[in-house]
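Please treat every number below as a calculation from the coordinates, not as lab data. What you see is a predicted model; the values in this text were computed from it and never measured. Please note: Cβ atoms are built from the backbone with ideal geometry, for glycine as well, and neighbour counts cover all protein chains shown.
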Amino acid sequence: AIEYLSVGDAAGIVTGRPENIAQRENYGLSVSLSSRPNKNWNLNGGGSISYMDIRSRALQQRNSGMVWYTNIKSTYKLPKEVTLQAYSSLNSGWISLQRTGKTLSYWYGFSAKHEFWDKKASLNLGVNNPFAKGVTQRSVEEAPTFISDSHFLYVNRSVRLTFEWRFGQMSTDG
């Protein structure tokens, strides 16, 4: 497995680079679900959970643990070619040979889309994480020569307005 490897020197300077230095085993289960409570409403969701084991004989290091992810999306069609959507995801930290993410990460959003010109064009207004400036993340990195405990703010609040225009046709004929 190619892992991002950090090495500290006697002066306390840590440098990092990707190296093909480890073996990774991952065992897990993924589930996807879809439902249509009525003709205008779609619900989709899913998740995965897995056990990850990463080891490097050359470095005599090992890291292992459970990681998981879940998401849900709800889409509702209104009259006059308007569609509303809400979506969210939540996932555990991550695992690599030297690093372990220690905090939950989440993402959510809402959007509204209006189709027009015989469904050849659409205008979409969406917001992501409107009620939170960002998500505080914590990562612990351990190596034989150092331990690093990092805290940072993952800023993911945004607003977007998109215009889409579909013209011409695609064909698979050769």
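Positive contributions from Lys and Arg (+1) and negative ones from Asp and Glu (-1), summed over other residues with Cβ under 12 Å from the Cβ of residue 154, come out at +3. Take every Cα pair under 8 Å whose residues are at least 6 apart in sequence, average their separation, divide by the length of the stretch 1-121, and the relative contact order is 18 percent. Of the lysine pairs in the chain, how many meet both conditions: Cα atoms under 26 Å apart, and a spacing of 8 or more in sequence or different chains? Close lysine pairs found across the chain: 19.
Here the mean projected area of the convex hull built on the C-alpha positions of the stretch 6-60 is 7.1 nm². Across the stretch 21-174, Cα-Cα distances exceeding 28 Å account for 45% of all pairs. Of the residues 93, 45, 12, the one that moves most in a GNM of the chain with alpha-carbon contacts below 10 Å is 12.
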